[in-house]
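Read the structure below first, then the notes.
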Amino acid sequence: MNKPLLLSWVAAIAATLGSLYFSEVMHFIPCTLCWYQRIFMYPLAVILGIAVYRNDLRIYKYVLPLSIIGMLISGYHTLLQKVPSLQKFEMCTTGIPCSKDYINWLGFITIPLLAFIAFTIITVSLVVLARSQKEEDVQKA
């Protein structure tokens, strides 16, 4: 079993379960940007799980775009919460504001930061996987 692939799947599972815990158990209502992050994270848990089961080491071609886009959204969302001057560009106009902090552990750990960390772990793991696959292809040629 490939360790970067397994690590990316574990990160996606943890992020998905954490997201569901915050909304279904803690009853935190997701804002618009949280929904977008879910749109990109939830399929990763399934796709990466299948890739781990099948030991599909070329899955990075399909997963990296989702992970990178999710990382950009969660990075923006984190900045929106932590940089007050960005709040005038807030996308959430109805319902829960995107700048709302449901959690603020240690003064800086928020839900979007947790998502950003998960997307970053997935992205870095898959870049490592992609590089190792390209090196193997070069060695075979």
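Just so you know, all these numbers are worked out from the coordinates, no wet-lab data involved. Please read these numbers as outputs of a predicted model, since none were measured by experiment. As a convention, Cβ positions derive from the backbone with ideal geometry for all residues, glycine included, and neighbour counts pool all protein chains shown.
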key: Pair Q87, W35: separation of 7 Å Cα→Cβ label points (nm)   = 2.3
remark   = Row for the stretch 30-75, column shape: gyration tensor on C-alpha, a ≥ b ≥ c, rounded if a/c < 1.5 i.e. under 1.5, prolate if a/b over b/c, else oblate; value oblate
query = What ranking of W9, W35 emerges when the number of other C-beta atoms within 10 Å of each C-beta is taken as an exposure proxy, fewest first?
reply = W35, W9
remark   = Along the dipole axis of the stretch 14-110 (charges at Cβ: +1 for Lys and Arg, -1 for Asp and Glu; origin at the Cα centre), the most positive-end residue among F89, L57, I68 is L57
query = Is it possible to state the helix-based mean residue ellipticity at 222 nm for the chain, with each DSSP H run of 4+ residues giving -39500 (n - 2.57), the sum divided by total residues, to the nearest 500 deg cm²/dmol? What is it?
reply = -23500 deg cm²/dmol
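Arrange L6, L66, L106 by Cβ neighbour counts within 10 Å, fewest through most, would you? Walk me through the numbers before you get to the answer.
Numbers: L6 14, L66 20, L106 5.
By the 10 Å Cβ count, ascending: L106, L6, L66.
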note = Going from the fewest other Cβ atoms within 10 Å to the most, one would list C92, C31 as C92, C31
message = Under a Cβ-only charge scheme (Lys and Arg +1, Asp and Glu -1), can you give me the dipole magnitude of the chain about the Cα centre, in debye to the nearest 20?
response = 200
ask   = Roughly what would the spin-label model give for V138 and I103, points 7 Å off Cα along C-beta, in nm?
value = 4.1
request  = Be a star and scan the stretch 109-128 for residues whose amide nitrogen sits under 17 Å from the point 7 Å along the Cα-to-Cβ vector of Y21.
outcome  = 109-119
inquiry  = Ranking request for peptides 114-125, 39-50, 13-24, 68-79: highest mean number of other beta-carbon atoms within 10 Å first, then the rest in descending order.
reply    = 114-125, 68-79, 39-50, 13-24
remark   = If unit charges are put on Cβ atoms (+1 for Lys and Arg, -1 for Asp and Glu) and the dipole of the chain is taken about its Cα centre, the option from S23, T123, M41 lying farthest towards the positive end turns out to be T123
